[in-house]
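First up is the structure itself, then whatever we jot down about it.
The values are calculated or read from the model by the stated rules, or taken from the named source; none is laboratory data. On a predicted model such as this, the values are computed, not experimentally measured, just so you know. Please note: Cβ atoms are built from the backbone with ideal geometry, for glycine as well, and neighbour counts cover all protein chains shown. These area figures cover heavy atoms from the full protein model, side chains too; ligands, DNA and RNA do not enter into them. Shrake-Rupley method; radii C 1.70, N 1.55, O 1.52, S 1.80 Å.
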Amino acid sequence: MFPPAALKVVDAATLFAGPLAAGMLGDFGADVIKIEHPLRGDPSRGHGPLKDGVSLTWKQLGRNKRAAAIDLSTVRGQEAMRRILADADVLIENFRPGTLERWNLGPDTLLALNPRLVIARVTGFGQTGPRAHEPGFGTLAEAMSGFAAMTGQPDGPPTLPPLALADGIAGLATGFAIMLAIAHRTETGRGQVVDTAIIEPILTLLGPQITFYEALGIVPRRHGNRSDKNAPRNIYRSRDGRWLAVSTSAQSIAERVVTLVGRPDLVAQEWFRSGHGRVQHVDELDEAVGSWISGRDAKEVVDAFVEAEAAITPVYDISDIVRDPQYEALGTIVRMPDPDLGMVAMQNVMFRLSETPGAVRWAGRPLGADTDEVLREAGFEAEEIAGMRTAGVIR
């Protein structure tokens with residue numbers, strides 16, 4: 001398999017799944033060329049908070065990518081794209097099904113031009129089916145997958161996440177699929193098409209709910225911060241007002257927690273021997289743990305849990321994250337010089353490889369900053385580039 005550092009990746013996708021997949025490859029050294037519309041750019045350039053008129057979201061989502069602004073709806077822009085893709089390893093796109101084909105950039109055309117190309121197509125509903133041509137976003141996937149139906153308080157409404165959760169999961173899945181396709185190409189010399197429907201990867205992460213329903217007719221309910229698989233598991237408030245998250249997914253941890261809070265008698269109960277049994281007595285367990293925590297300050301609670309080798313952490317917001325010694329030890333936050341903002345901070349690569357570590361080399365670049373360089377590498381002469389700029393095909 002090619003390592004990511006050996007790959008030329010063309011990112012023609014927008015918010016958020018496709019660009020995230022491309023960004024992960026870029027974090028590990030792939031040459032990622034971001035293709036954007038010359039006037040609009042990627043919508044992430046106007047997404048979220050701005051500093052000095054510059055999108056902070058784009059600074060992270062566009063990191064480690066060269067920025068080329070080309071209008072793919074024009075004949076000259078399509079020709080430029082074909083020449084860029086002639087020696088590329090991966091194309092990532094998220095146009096509605098049929099758009100690339102209408103632009104003479106469909107898989108049949110591109111694979112005839114470059115048989116080794118891996119084409120990752122990321123859409124809300126996939127390339128086939130009755131809803132394939134509808135606009136699809138992560139919000140719809142979070143609703144359709146069952147996530148919203150099982151999230152929230154038992155007496156409250158279904159709850160959507162306050163972030164691009166389904167897009168993020170789809171981006172991770174697409175990055176994995178691309179590397180599987182690259183592995184196949186290493187054996188066969190042939191590229192292929194990856195079809196990611198954003199409604200599916202989040203469904204995978206929600207567990208075997210299809211299996212439960214078909215076998216037993218179980219429909220997941222909302223449990224708030226509780227779990228329907230083990231107990232005690234909840235968010236508890238300390239005497240000094242901090243919220244603390246407790247998990248007891250392992251049997252031994254459950255025993256330590258309940259013993260720590262002064263209820264070793266519960267451990268001796270027959271029902272305590274499994275997560276399923278403990279869930280049937282969740283009110284009793286929550287009362288034991290919650291009342292013990294509420295009578296103590298957060299530091300005392302955390303120290304006691306750590307000493308007992310039980311699982312607990314305060315509920316963080318971002319101000320806690322940037323000061324946390326564990327994140328610091330992992331190098332989770334990286335700060336780098338930036339021509340727009342002077343200095344910009346963001347999350348580092350999300351895992352560490354001992355032999356081929358990734359790195360954030362630069363933050364998101366200005367729109368079209370690398371167009372000329374990318375086109376020169378594709379064989380365009382200076383006069384051609386100037387003519388395309390005059391015609392508004394590039395920026």
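Structure summary
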read-out: Segment 243-274: number of residues that are buried (at least 16 other Cβ atoms within 10 Å of the Cβ), of a type in the set (K, R) and part of a helix (DSSP H, G or I); value: 1
read-out: Flag for T123 being β-branched (V, I, T), out of contact with any Leu (no Cβ under 6 Å at 6 or more places or on another chain) and in contact (Cβ under 8 Å) with a residue 40 or more places away in the chain; value: yes
read-out: Members of segment 94-108 that are among the aromatic types (F, W, Y) and open to solvent by less than 50 Å² (accessible area, probe 1.4 Å); value: W103
read-out: Selection status of L91, of a type in the set (A, V, I, L, M), open to solvent by 10 Å² or more (accessible area, probe 1.4 Å) and either in contact (Cβ under 8 Å) with a residue 60 or more places away in the chain or touching a helix residue (DSSP H, G or I) at 6+ places or on another chain (Cβ under 6 Å) (or both); value: no
read-out: Candidates G171, G189, filtered to the one that is in contact with a helix residue (DSSP H, G or I) (Cβ under 9 Å, 6 or more places away or on another chain) and within 30 Å of A13 (Cα to Cα); value: G171
read-out: Check on R335, within 20 Å of the chain's Cα centre (by Cα), under 30 Å from A369 (Cβ atoms) and among the basic types (K, R); value: no
read-out: Filtered residue count, segment 299-308, keeping only those that are touching a helix residue (DSSP H, G or I) at 6+ places or on another chain (Cβ under 6 Å) and over 16 Å from D240 (Cβ atoms); value: 1
read-out: G277 vs. criteria at negative phi and either surrounded by 16 or more Cβ atoms within 10 Å (Cβ to Cβ) or assigned to a strand (DSSP E or B) (or both); value: no
read-out: Matching helices (runs of 4 or more DSSP H) fully within segment 109-215 where at least 3 residues are open to solvent by 40 Å² or more (accessible area, probe 1.4 Å) and farther than 14 Å from N94 by Cβ; value: 138-144, 165-188, 201-205
read-out: Residues within segment 64-88 that are open to solvent by 20 Å² or more (accessible area, probe 1.4 Å) and either part of a strand (DSSP E or B) or within 17 Å of D31 (Cβ to Cβ) (or both), tallied; value: 4
read-out: Segment 67-84, residues that are in contact (Cβ under 8 Å) with a residue 40 or more places away in the chain and over 21 Å from Q347 (Cβ atoms); value: A68, A69, I70, D71, L72, T74, R76, G77, A80, M81, R83, I84
read-out: Selection count, segment 7-42, where residues are more than 23 Å from L140 (Cα to Cα) and either in a strand (DSSP E or B) or free of Cβ contacts under 8 Å to residues at least 24 places away in the same chain (or both); value: 11
read-out: Unmet criterion (only one of (1) among the charged types (D, E, K, R); (2) in contact (Cβ under 8 Å) with a residue 60 or more places away in the chain; (3) open to solvent by less than 10 Å² (accessible area, probe 1.4 Å)) for R45; value: (3)
read-out: Residue count, segment 252-281 (criterion: under 17 Å from V306 (Cα atoms) and either touching a strand residue (DSSP E or B) at 6+ places or on another chain (Cβ under 7 Å) or of a type outside the set (S, T, Y) (or both)); value: 9
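The rows are residues; the columns are (1) touching a residue at least 60 places away in the same chain (Cβ under 8 Å); (2) over 30 Å from D167 (Cβ atoms); (3) polar (S, T, N, Q).
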residue	(1), (2), (3)
N230	no, no, yes
I235	yes, no, no
V261	no, yes, no
W271	no, yes, no
E284	no, yes, no
